[in-house]
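Step one of this worksheet: look at the structure below.
The values are calculated or read from the model by the stated rules, or taken from the named source; none is laboratory data. Worth saying up front: this structure is predicted, and the values here are computed from it rather than measured. Every residue, glycine as well, gets a Cβ built from its backbone with ideal geometry; the counts of neighbours run over all protein chains shown.
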Amino acid sequence: MDLRSLNFHSIRAKIIGITITAILTTVVAIYFACFSTVQVENDRRAVELMNLITADTANTAEKYLESIQRSVEAAASMAGDSLSSVTLIDNAAAGDYLKPKERTDEQNAALDAYLEKYCSRLQESFGSFADRTYGAVSYFYCINPEISDSVHGFYYAKSGKAGYTERAPIDASLLDAGDIEHSTWYFTPIERGRPSWIGPYRSSMQTDQQGEEIWLCSYVVPVYKAGMLIGVIGLDIPVDTLISQLRDVHVYESGYACLLNEEGLVIYHPEYETGSVAEKYETFIREKLLQNKSSGDDLIRYDDGGTERQLSYTTLSSGMKLVVTAPVAEISASWRQLFSFIVIITVLVLMLFAVLTFVIVSRIMQPLADVTEASQRLAAGDYEAELSYDKKDELGVLTRNFSRMRDKQKEAIEDLNRRAYTDALTGLPNMRHFFTLAENEKKRLNAEGRKAVMLYMDLIGMKDYNTQFGFDEGDRLLIEIANMIEAHFGYSCVCRYGDDHFAAVTSADGVAGRIENLLDACSRANNGNSLPMAVGIYPDNIEDVNVSIACDRAKYAADANRGAYMSGFYRFDASMLDEIENTRFIIGRLDRALEEGWIKVYYQPIVSSESGRICDVEALSRWVDPEKGFLSPAEFIPVLENSRLIYKLDLYVLDRIIENIKRQEAAGHRTVPHSVNLSRSDFDSCDIVEEIRRRVDDAGVSRDMLTIEITESIVGSDFEFMKEQVERFRRLGFKVWMDDFGSGYSSLDVLQDIRFDLLKFDMRFLRRADESDESRVILRELTVMAGELGMDTLCEGVETATQAAFLKEIGCGRQQGYLYSKPVPYEELEAKIQFAGEMEEQRNE
Amino acid sequence: MLSTKIRTGRILCLLLISALVSVSFAACSGQGNSAGGKGGETANAGSASASTDDYIVSVWDEPSTVDFQCTTLYYNTAYCVFDRLVRMESGHNDLAVIRPSLADSWEISDDGREYTFHLREGVRFSNGSELTSSDVLYTITRLLTHPESSNRDIAECILGAEELENGKSGTASGSGTANTGTLKGFKIIDDLDFTITLDEPYEAFLAALSMPGASILDEETTEAAGDDFGKDAESTIGTGPFILKSWEKGKGMLFEANPECWAGAPASAGLDVRFVQDSEEVRKLFDDGKLDIMDLSDIDSASEYYIHGDIYKDRLYSAPQVGINYIALNESKKPLDDVRVRKALQLALDRTMLLSSIYGGRGQVENGIYPHGLYGFDPDLEAIPYDIKEAASLLSQAGYADGFELDFSVRTSSTRSEMDMVRMIADMWSEIGVKTNIHVLEDDEFMELRKKGELACYQATWIADYNDPDNFVYTFFGNKANTLDRSLCYTDEDVMKRVRRARTIQDPEKRIEEYRELERIIVQEDCAWVPLLSRTRYYVVSERLEGFHVAWTGRYFINYRDMSVSSTK
């Protein structure tokens, strides 16, 4: 048997279970229905049958008893009729209740003579009746001793086959009423006053061959005449004869018929002696049989010493009770057998059914089992299970559809895998997949005792290339480069990191040579229409980090030379690690620095060239870290700009400025406009224009007290956007200065399109002006130009009086620099600003 | 291969299922059968019990009619179905007394001629119609005018009865028409009250009104039934405790309790009366417990079996029968016209022997007309001796020394005891040379001959209808018609006149004295009738019967209303 069949959760098991349960339920229901029906029916039939037997037996018995009764009654009738009451009365044998008197001798003699004749006549007639009565063994007439002392009647008994012979008549006066057994035949009918069946009793007159008194039943009739008991007349039947037919009555197997007399004494019972009290039945007989009911044709059952018996009885007209009884077990045997057959058949059918169902269902369910198995294998990632069932039934459809679904899923998963692990364009492993591959490769190399290096390759100028040649061409280039990289390091050691970035892991040995070969090859890629490539190298001997970090560091190294439009490769070194460390430190500590006030806002005064008085202050941040000490803005501002966190700092500075202005105004101090520097990323981080307006307005500070400084490079980075922002500031009433004018590649076009309030010349102009006339010319001309464009001018980095004088001379409106003051806390400037004091020139010593 | 297997599997399934289904059907149908069978049985049993299981079962002689105006027999039905204005009940000292029945009360005028009756209110016949004075008038008119009436003497004493009888006072037809104008002595006061005026005072009038012949009939029903009245159950409508529901000729009658009976519903549900002739069959019925009351007179010598011994002693009832066995001698037949012959016949009978040998001495030897137990019975009446010598001598004097032949008529319905008695009488008379020819006649023929005064000699019993000597002496010697009716053909007009006059004597003592004198004259001087004996009656009842008691007459059927059968036995 298939082990799967033992799975009770399987549909097969359920079907078998349901089927068997259904059959079992039906069969049990039918069984009980049949059981009760048949039981009721059987009981009814048993009662009917037993009643029938009883009735039949009783009928036979009754007929026989009646024949005896008829004989005796005829004789009795004759005894009455043939007796002259006149003679009796005349001889004072009767009627003495009217005239009690002693009988005379003559009367006695006459009476006796009369009675002798009377008895003799009667005997003859009775004898002929008795002859015709089957089974009779004796007949008698016993004269009441009160009628006559000497005439006792007659007694005739059969001896052998010779017929009846005369015996000495019984003198009733000698009978002892206490000797029930022997005298009941005489006294009982008299007591009852009417014809009676007597017996069973034993009579000394009737013995068997062994001389044993035999059991008799007698029908005895009292004879009355003139209201007087004349005697009793009767016929004796041996019990054996009486019940001869009863012996042959067989009910079921061991059932029998028995006969009890009116008082319940046994006349015949297979288990009890005649004349005894059937003890076992006694209570029962008293309760049931001897009650007034003459027959029991209902279902009567009783406990017969442990066996239940069923009984039917009837009372014969003789008063005798005919009882037919049989064990209930025998009565029920046939249908019990029937039911055991049914049970056996049921069990067999059920077993057959179970097997058949199992086989059939197994057959039907096999394809389903196959599909189930296939699905289990599928779940385990195995797509190969064979599914061959191809019938047109539901399971066939299911199988085919499952097959198809599985195949599709297989394809989809394979595709997904490909997508997940490889780059769609170049077919190289993608970054995530690469990390796994690289880790394996690294381990492999390490296991071989070799060092691994991580390479990060970055095509330079891909964006422009795409712009110039189109994406198709760019893609083609990428594919070719990818193929070259793969060719150099092997498929499982490379990846397309993203865009135009690739990574590879390789042995540290001879890595430089391989990179050079690669760069050389790449320069010839796409028929020479290629791009230079920066390669960063991170050897794991610097610090053994996981491949993703290694990759990042290699990238860092590659990026280190950003901006150079040429191929080359760069090793990651310890300084880079510091930079990374520094950057992480600044970024990680910014929030705390702002909260703790480690970053402070210093102010550098801007002095009017004309008056030498402070006309503005530029807010600058100073970070004095409790751990690292003074951090240069040149150190942390680029980091914050790169990480786009600069807005936090700028807004912080802005808030401090606003506070300061408010405080000054609140104190009634004169103050000057404060300028703040914005970074490009401030514009991306939020709507900085609106943000500043809100904070300024909320603080109730006049907008013209705040000046916005934007570097030339910021404006250049996204011209249209910045133009819009600058105009928004100006429209709101903020002054906007262009910072570091002339430090980058800015074009004068900017000035043509965007209106600034002031140009702030980069300090390099002034430095160069010290050295060359050209620079001085340019500075002068720029000042003139600005003036003509309606913009004020400011030059920063003023360190010497010469420079200050020069600027004044060329008409540069404002100056800023150490000549006047380095950035300081506002408190140090407060007084000068309040009282509009000239700034003293500070000598650089 | 697989599909084949499945198919065979399916077929197998179908076979099994169909097998199971058929088994279950078989089971169901089996159950259905048995249930149906049982239902049938129960239904039968139910209907059986609904009919007569709780009825009292009796054996009666089948009445030829239940119109009691026209019969003096079969009184059972009269007492079950009908009521009379008054009834008689055993009182103190074994004297029966008059009690109200349909008449709630009455007044008798001082001159003893005017009886004013007040009917009980709200009495209804079993057909629902109310009893009124006019029903009573109708009843009495019919009693007097019905050609078959055999109880006229009850009402003949009423003023104007004779004229009515003779058709002088109206156009009364055979079936009798109620015409208030025709019976002078009957005055309706209102629905419930009426006055009856008698010709002359009649002391036994109330007693006579208690007779079955005076049963009050429903005018409407009786009139509608016409000549069929008394012949079927439908027209037998009375006010009594039972309603005759069915009368199956030759088989029996069913009486249903009348729940609306004015005197209250009877104790039993009804009576199941069987007409059984054969005494053996009666006995068997009783022995089988299928008969509730057995009159031992019905079973002849087998009655000894119930009287002796102790089996029936608790269920055996006995009572002296207030009735007399007598021999009627027809004075119009020779040689019975000779008083010496009649005297000889009286003396030749050993009546003690008759009582002893036929009835085992259970009864009394009677010497007059009024039996033991009857109001007016004369304990001092001289006994008629048993004297053959004197008898023989008387016969010789009369010129019949060698005897003569005498026709002795016997009804076929006579009991064995009666037959035995007749035989024994014949034996006794043979002692003085009288040769008795016993003629057994059919009842109807017997009655016909008797009424014509044709029977020379017969033996019969007269049981008291009411407790008054009048009921006896008037019946037999009240007038010519009565003696003729009894085939007595008594001749002494003077005596008969005195019998009639005795009725009017208001002083009870004097009246009884006169009756006793008349009795002596008739029996001892005129030897007009041969008194024999009065019997003790015996009844055995079933174990289930309750409330049985014997009435003052020694009969029981007056008391059916008090009896019932207990359902438990």
Inside region B:129-166, the number of residues satisfying the requirement of being part of a loop (DSSP other than H, G, I, E, B) and within 14 Å of B:F68 (Cβ to Cβ) is 6
Against the condition in contact (Cβ under 8 Å) with a residue 24 or more places away in the chain and within 25 Å of B:Y490 (Cα to Cα), how does B:P335 come out, does it pass?
yes
Residue selected from region A:86-130 under the condition farther than 29 Å from A:R167 by Cβ and hydroxyl-bearing (S, T, Y), by the criterion modelled with the lowest pLDDT
A:Y97
Name the one entry in B:Y326, B:Y386 that is closer than 26 Å to A:M228 by Cα and within 14 Å of chain A (Cβ to nearest Cβ).
B:Y386
Residue under evaluation A:K280, criteria (1) at pLDDT below 80; (2) in contact with a Gly (Cβ under 7 Å, 6 or more places away or on another chain); (3) assigned to a strand (DSSP E or B), criterion not met
(3)
Over region A:677-688, the set of residues crowded, with 22+ Cβ neighbours inside 10 Å and farther than 15 Å from A:D718 by Cβ is A:N677
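This table checks each residue for (1) buried (at least 17 other Cβ atoms within 10 Å of the Cβ); (2) more than 13 Å from every other protein chain (Cβ to nearest Cβ); (3) outside any helix (DSSP H, G or I); (4) touching an Asp or Glu at 6+ places or on another chain (Cβ under 7 Å).
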residue: A:I20; (1), (2), (3), (4): no, no, no, no
residue: A:I53; (1), (2), (3), (4): yes, yes, no, no
residue: A:L65; (1), (2), (3), (4): yes, yes, no, no
residue: A:Q69; (1), (2), (3), (4): yes, no, no, no
Out of curiosity, is A:A109 more than 13 Å from chain B (Cβ to nearest Cβ) and part of a helix (DSSP H, G or I)?
yes
Number of the exception - B:D310 against (1) assigned to a loop (DSSP other than H, G, I, E, B); (2) surrounded by fewer than 23 Cβ atoms within 10 Å (Cβ to Cβ); (3) more than 14 Å from chain A (Cβ to nearest Cβ):
(3)
Taking only pairs six or more apart or across chains, which ones have beta-carbon atoms under 6 Å, a first residue in region B:108-119 that is among the small types (G, A, S), and a second residue that is assigned to a loop (DSSP other than H, G, I, E, B)?
B:G112/B:P201; B:G112/B:Q506
If we keep just the residues of region A:199-229 that are under 22 Å from A:E262 (Cβ atoms) and in contact with a His (Cβ under 8 Å, 6 or more places away or on another chain), which is nearest to the other protein chains (Cβ to nearest Cβ)?
A:Y224
May I ask you to verify whether B:S393 is of a type in the set (S, T, Y), under 21 Å from B:C457 (Cα atoms) and more than 14 Å from every other protein chain (Cβ to nearest Cβ)?
no
Candidate set: region A:352-390, residues that are touching a Ser or Thr at 6+ places or on another chain (Cβ under 6 Å) and outside any helix (DSSP H, G or I); chosen: the one farthest from the other protein chains (Cβ to nearest Cβ):
A:L387
Hits in region B:316-358 - residues which are among the aromatic types (F, W, Y) and surrounded by fewer than 22 Cβ atoms within 10 Å (Cβ to Cβ):
B:Y317
Quick check, is A:A75 modelled with pLDDT of 85 or more and more than 10 Å from chain B (Cβ to nearest Cβ)?
yes
Taking the conditions exactly as written (in contact with a Pro (Cβ under 9 Å, 6 or more places away or on another chain) and closer than 26 Å to A:R613 by Cβ), does A:K760 satisfy them or not?
no
If a residue counts only when it is surrounded by fewer than 17 Cβ atoms within 10 Å (Cβ to Cβ), which helices (runs of 4 or more DSSP H) contained entirely in region B:411-501 have at least 2 such residues?
B:416-430, B:443-451, B:480-485
State which residue pairs qualify: first residue within 8 Å of A:Y31 (Cβ to Cβ) and inside region A:335-348, second residue surrounded by 10 or more Cβ atoms within 10 Å (Cβ to Cβ) in any location, beta carbons under 7 Å apart, and separation of 6 or more residues or different chains.
A:F339/A:F35; A:I342/A:Y31; A:T346/A:V27
Name the single residue, out of those in region B:286-300 being surrounded by 19 or more Cβ atoms within 10 Å (Cβ to Cβ) and out of contact with any helix residue (DSSP H, G or I) (no Cβ under 6 Å at 6 or more places or on another chain), that is nearest to the other protein chains (Cβ to nearest Cβ).
B:F286
